[in-house]
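Each remark here refers to the structure printed beneath this line.
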Amino acid sequence: MARKNIAAGNWKMNTTVNEGLDLYKSLSEHDVPSDVTVIVGAPFIHLSSLVANKHDNIKIAAQNCHFENSGAYTGEISPSMLADLGVDYVILGHSERREYFNEGNDLLAKKLNAALSNDLSVIFCCGEPLEIRKAGTQNAYVAKQLEEGLFHLDASQLKDIVIAYEPIWAIGTGETASPEQAQDMHAFIRSILDQKYGSDAAQDMSILYGGSVKPANAKEIFGQEDVDGGLVGGASLKADMFKNIIDSF
């Protein structure tokens with residue numbers, strides 16, 4: 001199975017429901033290349049209207065979920081709710097969830113299990129902050145995130161997983177990650193997948209780059225051997241910019 005080229009947009013806490021719907025409709029009118037999967041990660045309150053206006057060429061993702069299907073967890077959204085709604089993917093382990101909401105690897109493993117048990121596909125994020133990159137220990141840091149959060153799965157479950165690598169040190173810090181640095185980490189991630197699950201599973205896994213992807217750099221980044229697309233932040237909020245990124249493959 002050839003791995004997918006993926007352009008995933010993470011809207012984060014942006015857009016009103018109507019703005020999000022307009023953005024989704026604009027994207028759905030785009031002639032998406034047949035070898036590219038497009039995903040939009042929208043705020044929870046947008047999901048119903050997006051699903052009601054769903055187009056086959058634009059998949060819909062939630063940005064987070066709880067690890068239980070129901071219960072006394074005020075303000076939380078369960079994976080069973082998302083599945084019932086018709087959502088395709090959920091983003092788990094985003095650097096902002098890890099940093100601002102103290103989500104650790106053990107919690108994310110529970111969320112991952114819950115999402116998969118509800119037949120949701122998962123974009124599982126990993127990545128290192130600036131102090132880890134400066135110390136040169138980024139490989140060990142990312143390996144631990146994957147080993148503790150993801151590697152409890154068996155190989156058959158990997159078909160529903162996409163990994164997104166976020167160099168946190170290159171997002172809003174003034175530092176920049178080169179395409180070569182992106183390739184190095186993506187190749188490392190694929191190598192530890194190979195060690196754990198074998199070559200076929202490693203080669204089938206789509207690994208996305210999540211470090212300030214823009215139309216100006218997308219083509220070069222996506223052209224790296226082990227980079228299969230991007231998890232795009234700010235540029236996914238502008239229809240024309242995101243369309244250019246989709247076409248960068």
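Overview of values
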| item | result |
| --- | --- |
| Sole residue being without any contact (Cβ under 8 Å) to a residue 60 or more places away in the chain, closer than 22 Å to residue 61 by Cα, of a type in the set (A, V, I, L, M, F, W, C) and in a helix (DSSP H, G or I), chosen from 158, 153 | 158 |
| Residue count for the range 108-140, restricted to those that are buried (at least 17 other Cβ atoms within 10 Å of the Cβ) and hydroxyl-bearing (Ser, Thr, Tyr) | 1 |
| Enumeration of residues in the range 117-147 that are farther than 30 Å from residue 81 by Cβ and not in a helix (DSSP H, G or I) | 128, 129, 136, 137 |
| Residues of the range 4-34 satisfying the condition of being surrounded by 15 or more Cβ atoms within 10 Å (Cβ to Cβ) and among the small types (Gly, Ala, Ser) | 7, 8, 9, 20, 28 |
| Hits in the range 49-85 (condition: acidic (Asp, Glu) and farther than 22 Å from residue 112 by Cβ) | 56 |
| Meets criteria (charged (D, E, K, R) and modelled with pLDDT of 95 or more) for residue 4 | no |
| Residues of the range 43-72 that turn out to be touching a Leu at 6+ places or on another chain (Cβ under 6 Å) and surrounded by fewer than 16 Cβ atoms within 10 Å (Cβ to Cβ), as a count | 2 |
| Residue that is in contact with a Leu (Cβ under 6 Å, 6 or more places away or on another chain) and within 22 Å of residue 38 (Cβ to Cβ), where the choices are 164, 182 | 164 |
| Helices (runs of 4 or more DSSP H) contained entirely in the range 163-243, each with at least 2 residues that are crowded, with 22+ Cβ neighbours inside 10 Å | 179-197, 215-222 |
| Unique match (being modelled with pLDDT under 95, within 23 Å of residue 59 (Cα to Cα) and small (Gly, Ala, Ser)) among 206, 178, 212, 236 | 212 |
| Criterion: of a type in the set (Asp, Glu) and closer than 30 Å to residue 244 by Cα - qualifying residue of 106, 119, 56 | 56 |
| Selection status of residue 111, basic (Lys, Arg) and either touching a His at 6+ places or on another chain (Cβ under 6 Å) or part of a helix (DSSP H, G or I) (or both) | yes |
| Boolean, residue 136 is touching a residue at least 60 places away in the same chain (Cβ under 8 Å) and farther than 30 Å from residue 48 by Cα | no |
| The range 194-214 residues that are in contact (Cβ under 8 Å) with a residue 60 or more places away in the chain, paired with ones that are in a helix (DSSP H, G or I) and among the hydroxyl-bearing types (Ser, Thr, Tyr) (beta carbon under 9 Å, 6 or more apart) | 205/197; 210/95 |
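The values are calculated or read from the model by the stated rules, or taken from the named source; none is laboratory data. Predicted, not measured: the structure shown is a model, and the values here were computed from it. Cβ: placed from backbone, ideal geometry, glycine included. Neighbour counts: every protein chain shown.
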